[in-house]
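To start, the structure under review is shown below, and the notes come after it.
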Amino acid sequence: MLDDRKTAILRAVVEEYIATAQPVGSAHIANNRDFAVSSATVRNDMASLEREGYLMHPHTSAGRIPTDKGYRFFVDNLVPNGSLGSIEQAKVGSFFETAHFRLEETLQRTSMLLAQLTNYASVVIGPTAEVAVVRSVQLVRLSSHHITVVVVLSNGAVENAQIEIASDVSDDEVMRANAELQNLMITKPLRDVSAHREANRKASKEQTRAAGVATLCEKVLSAIERVRNDENFYVGGVAQMAEAFDAVEIVRNVLHTLEQQYVVVTLVRDMLNRGVSVAIGAEHGVEPLSACSVVLAPVRADGETVGTVGVLGPTRMNYPQALATVDLVSDRLGRRLTEN
């Protein structure tokens, strides 16, 4: 455990490096912080912090920068209760007071809001179709050969697909298929679509359903299964990450990884499963993002966790601001989803 003076010095180095992105020297700390000790004493303590793995010494500078271990100590022991400024709080409040959009658009705009507030990449995962139940099914005939199916879910999401049909399918068959699909699907989870297909096939074999209607229902259910999106996942502010690193190779790795949705979703789920809200550097286990930290907060609606919001930035991110922003946005998004 660090003593009080080393703890204060480590905090000063972390805060200075977060603010300037420049290695921090002992003379700067001694002259600009109220330590009441000599520059030599600060230098000795910084050397000790380096030996203990909290700081590192870049070859090109006389100053030191925090390691992942140093950031972890800072986050676990020294991060003050951060709060957003009045302008940022007003921006969040105004956004959610006017966020009367479809679920997908609300989540996408929330990711953009997070990115604007923090200047980091943002991650927003909303309620999934996996647990949402079907509220409405509608078949809309577009032409003699095409029908659109629109499925509205309890989480506010809308799934739709276009189906090609034979020209001899009558409007009456479309109407009867619509009624059959409503009986099959309404109040049931969308994840049961495979079971619905099996029930439809069984009814067709037992001839309890007209062949044309059963065929049309099968086409609709098959199309829904193909387009079903169980993950409402959005990333915002990716371009801003290019400005967060000096090394081109790091930027390339980070941007390429953020394009791979399954990698980011797996990272988030793994952090949540481990009960981790802040992962620093290599802690999250995704090697191409080892120069990044991730800050997450769960989104709760009606007392249940229905999603996640977070930011991904360089390890020298402003942790107090990131934590405060993510907490506020997750709270307001949860309230919005509850109201919906």
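The values are calculated or read from the model by the stated rules, or taken from the named source; none is laboratory data. All values reported here derive from a predicted model rather than from experimental measurement. Methodologically, a virtual Cβ is constructed for each residue, glycine included, from the backbone with ideal geometry; neighbour enumeration extends over all protein chains shown.
Restricting to segment 149-180, name every residue that is closer than 21 Å to residue 212 by Cβ and in contact with a helix residue (DSSP H, G or I) (Cβ under 6 Å, 6 or more places away or on another chain). Listed by number, the residues that qualify are 149, 161, 163, 173, 176, 177, 180. For residue 180, the stated conditions hold: it is touching a Lys or Arg at 6+ places or on another chain (Cβ under 7 Å) and either touching a residue at least 60 places away in the same chain (Cβ under 8 Å) or not aromatic (Phe, Trp, Tyr) (or both).
Among the residues of segment 196-239, just one is within 37 Å of the chain's Cα centre (by Cα), of a type in the set (Ser, Thr, Tyr) and either modelled with pLDDT under 75 or closer than 30 Å to residue 115 by Cα (or both), namely 234. Within segment 293-318, residues that are within 22 Å of residue 17 (Cβ to Cβ) have Cβ atoms under 9 Å from residues that are among the acidic types (Asp, Glu) in these pairs: 293/68; 293/283; 294/283; 315/68, counting only partners at least 6 apart in sequence or on another chain. Close contacts from segment 113-128, counting a first residue that is at positive phi and at pLDDT 95 or above and a second that is assigned to a helix (DSSP H, G or I) and of a type in the set (A, V, I, L, M), with Cβ to Cβ under 9 Å and a gap of 6+ residues or different chains, come to none at all. Taking the conditions exactly as written (under 24 Å from the mean Cα position of the chain (by Cα) and within 18 Å of residue 24 (Cβ to Cβ)), does residue 54 satisfy them or not? It is false that residue 54 is under 24 Å from the mean Cα position of the chain (by Cα) and within 18 Å of residue 24 (Cβ to Cβ). Residues in segment 79-104 that are in a helix (DSSP H, G or I) and either in contact with a strand residue (DSSP E or B) (Cβ under 7 Å, 6 or more places away or on another chain) or of a type in the set (Phe, Trp, Tyr) (or both): 95, 96. Residue 83 fulfils the conditions (1) buried (at least 19 other Cβ atoms within 10 Å of the Cβ); (2) closer than 20 Å to residue 323 by Cα except for a single criterion, (1). Going by the structure shown, is residue 254 within 30 Å of residue 189 (Cβ to Cβ) and of a type in the set (A, V, I, L, M, F, W, C)? Judged against the criteria, residue 254 is not a match. In segment 230-340, counting only strands (runs of 3 or more DSSP E) that sit wholly within it, the ones holding 3 or more residues that are aliphatic (A, V, I, L, M) span 278-280, 292-301, 304-314. Just so you know, in segment 154-164 the residues that are free of Cβ contacts under 8 Å to residues at least 60 places away in the same chain and in contact with a Lys or Arg (Cβ under 7 Å, 6 or more places away or on another chain) include one that is farthest from residue 132 (Cα to Cα), and it is 158.
Residue-wise test of (1) closer than 17 Å to residue 237 by Cβ; (2) in contact with a helix residue (DSSP H, G or I) (Cβ under 8 Å, 6 or more places away or on another chain).
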{"residue": "266", "(1), (2)": "no, no"}
{"residue": "275", "(1), (2)": "no, no"}
{"residue": "281", "(1), (2)": "no, yes"}
{"residue": "297", "(1), (2)": "yes, yes"}
{"residue": "312", "(1), (2)": "yes, yes"}
{"residue": "320", "(1), (2)": "no, no"}
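Restricted to helices (runs of 4 or more DSSP H) entirely inside segment 1-78, those with at least 1 residues that are touching a residue at least 60 places away in the same chain (Cβ under 8 Å) and within 19 Å of residue 316 (Cα to Cα) are 4-20, 68-73.
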